[in-house]
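**Q** Before I ask anything, let me first share the structure, which is written out below as structure tokens.
The values are calculated or read from the model by the stated rules, or taken from the named source; none is laboratory data. Owing to the predicted nature of the structure, the values given are computational and were not obtained by experimental measurement. Note that each Cβ is placed from the backbone with ideal geometry, even for glycine, and that neighbours are counted across all protein chains shown. Please note that ligands, DNA and RNA were not included when accessible areas were found on the heavy atoms of the full protein model with its side chains. Shrake-Rupley method; radii C 1.70, N 1.55, O 1.52, S 1.80 Å.
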Amino acid sequence: MARPLLFLALLCASLTFTACDGLRIELIHADAKANRTVTERMRRATERTHRRLASSTDDVVTAPVHWSETQYIAEYHIGNPPQRAEAIIDTGSNLIWTQCSGCRTSSTGCFTQNLTLYDPSLSRTLRPVSCNGTACALGSETRCARADAKTCGVLTSYGAGAIAGVLGTETFAFGASPSANASLAFGCITATALTPGSLDGASGIIGLGRGALSLVSQLGETKFSYCLTPYFSDASNTSHLFVGASAGAGANGSTATSVPFVKNPSDDLFGTFYFLPLAGITVGEAKLDVPASAFGLRQVSPGQWAGTLIDSGSPFTSLVDVAYRALRAELAAQLGGSVVPPPAGVEGFDLCVAVAQGDAGKVAPPLMLHFNGSGGAGGAASNLVVPPENYWAPVDEDTACMVVFNSAGPNATLPTNETTIIGNYMHQNMHLTYDLGNGVLSFQPADCSSL
């Protein structure tokens, strides 16, 4: 993938990271940070997943999962002098944005966040982007409809609602040292209409999508990686995001599975996502009778596409209807007498088993995801083993439930109901490397707390 021509032309020489080793950013699980119980974390993550699947995308944006809530938050500094901010890390969107002190206080104003709002008037390095500025033409997230026709606006929609503001450039510092910084284009957001609690107290989002306004693209890099610690670990076990030369480092000798990305559609909104050539699923020793075409990239209506994508911003995995039904039926048959109804008061789960907390692997089989080579039907195939703990989760001390859902849930519409999404619960203790230069995604089992 060729590097986009950026207005900042951010090269190694313009960054102050030591020896240009790239970014290393700590990610903290929001629910662990708040010391929530296992039951509370499961309830919150399940609510997010069902809310995403039920969301309509016919307002402003028509992409299937342009954004949905996640639980992994990065801390950074913005401006000079630096102000603290927190952001959700999202591979399903592009824009970097944070709420600003000019947010309106009406019903469409700011949401509650953990930190003080970024105040642009206190920064010496903020620069507004004009309508004729190069950055204003870099993505579908920008608009120039203001009365003065001078300031570049930001307007974009997500599964949980919409945001609006202005585009600017500012100094961002990631990691322990505020002196390690880069100048980035970002959205200074002054109005939001998002589902309450959508960002878990974060100030905004850092987009890692394929678009020109994403963090990776603005830094001129072609590789990034992350390693997510398990949902139910404590706040001291931080996850990490790596961008640039540091991405993919820390190999532990375990075998990596490499999967080629599928070439994106030309429709702008769908060019953000990371589509994968999923071709089938095996449950234990039984391969599901689901055609590969159910997972393949395809146009489902004019300007709208469905397929299989990987998304750090989606909590749980969702499968197209035919695959979900086959998976549930096969698991129910294999698990037999272990299957139990969900506990009283626990909603949103379709298949549960009686098992002690943390012991799902003693009852449930692993999954194997089968991928075609060369991003399509040709080339060598590759397989990814998903351990039971990455698709089953405890809902109380004696019950675990499957956390794979049906894309065709209540109120789901095109193209969401035809899209398979590999969510971040399946990414736990996997070092995922997005090699955009070579068009390959690699999965490597890892102890993410040790990286």
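**Q** Sort the stretch 213-304 into rounded, prolate or oblate with this rule: let a ≥ b ≥ c be the square roots of the eigenvalues of the Cα gyration tensor; rounded if a/c is under 1.5, and if a/c is not under 1.5, prolate when a/b is larger than b/c, oblate otherwise.
**A** oblate
**Q** Using θ = phi - 60° and the Karplus relation 6.51 cos²θ - 1.76 cosθ + 1.60, list the HN-Hα couplings for the stretch 263-273 in order, rounded to whole Hz, with x at every Gly or Pro.
**A** 4, 6, x, 6, 4, 3, 5, 8, x, 6, 7
**Q** For the stretch 312-364, which whole percent of the accessible surface, found with a 1.4 angstrom probe, sits on carbon and sulfur atoms?
**A** The computed percentage sits at 51.
**Q** May I pose another question? Would you tally the net charge around Thr112, using a Cβ to Cβ cut-off of less than 14 Å, leaving Thr112 out, and scoring K and R as +1, D and E as -1?
**A** Within the 14 Å Cβ shell, the charges total -2.
**Q** May I pose another question? Using the Cα centre as the reference, give the magnitude of the dipole from point charges on the C-beta atoms of the stretch 190-297 (Lys, Arg: +1; Asp, Glu: -1; all else neutral), rounded to the nearest 20 debye.
**A** In total the dipole reaches around 240 debye.
**Q** How much length would be gained if the chain were fully extended between Val300 and Thr116, taking 0.36 nm per residue of separation minus their Cα-Cα distance, in nm to one decimal?
**A** That pair, Val300 and Thr116, stretches by 61.9 nm at full extension.
**Q** Please compute the length gained on full extension between Arg127 and Val440, using 0.36 nm multiplied by the number of residues separating them and subtracting their Cα-Cα distance.
**A** 109.1 nm
**Q** Suppose the chain between Asp447 and Ala256 were pulled fully straight at 0.36 nm per residue; how much longer would it get relative to their current alpha carbon spacing?
**A** 67.4 nm
**Q** Can you send over the solvent-accessible area of Ser258, 1.4 Å probe, protein chains only, in Å² to the nearest 10?
**A** Rounded to the nearest 10, the figure is 60 Å².
**Q** Sticking with the crude label model, points 7 Å out along Cα→Cβ, report the distance from Ser266 to Lys287 in nm, one decimal please.
**A** Spacing of the two 7 Å Cα→Cβ label points: 3.5 nm.
**Q** Name the long-range amide H neighbours of Leu194: under 5 Å, sequence gap of 5 or more, or other chain; modelled H, no Pro or chain starts.
**A** For Leu194, the qualifying residues are Ala162.
**Q** Of the trypsin sites (Lys or Arg not before Pro) in the stretch 266-356, which ones lie in a loop per DSSP and count no more than 12 other C-beta atoms within 10 Å?
**A** Nothing satisfies the criteria.
**Q** List the residues whose amide H sits under 5 Å from the amide H of Val395, counting only those 5 or more places along or on another chain, with H placed 1.01 Å from N in the peptide plane.
**A** Distant-sequence amide H within range of Val395: Ala400, Cys401.
**Q** Right, next: Quick check for you: with a 1.4 Å probe and neighbouring chains kept, what is the accessible area per residue of the stretch 348-451, in Å²?
**A** Result: 34 Å² of accessible area for each residue.
**Q** May I pose another question? Please identify every one of the GluC sites (Glu not before Pro) in the stretch 357-438 that sits in a loop by DSSP and has no more than 14 other beta carbons within 10 Å of its own beta carbon.
**A** Filter output for the stretch 357-438: Glu397.
**Q** Between Ser101 and Gln334, what is the FRET efficiency for a Förster distance of 51 Å, r being their Cβ-Cβ separation, to the nearest 0.05?
**A** Computed FRET efficiency for Ser101 and Gln334: 0.40.
**Q** Further question on the same structure: So what are the ³J(HN,Hα) numbers for the stretch 209-225, from phi and the Karplus equation (6.51, -1.76, 1.60; θ = phi - 60°), rounded to whole Hz, Gly and Pro as x?
**A** For the stretch 209-225, the Karplus curve yields x, 7, x, 5, 8, 6, 4, 4, 5, 5, 7, x, 8, 10, 8, 8, 8 Hz.
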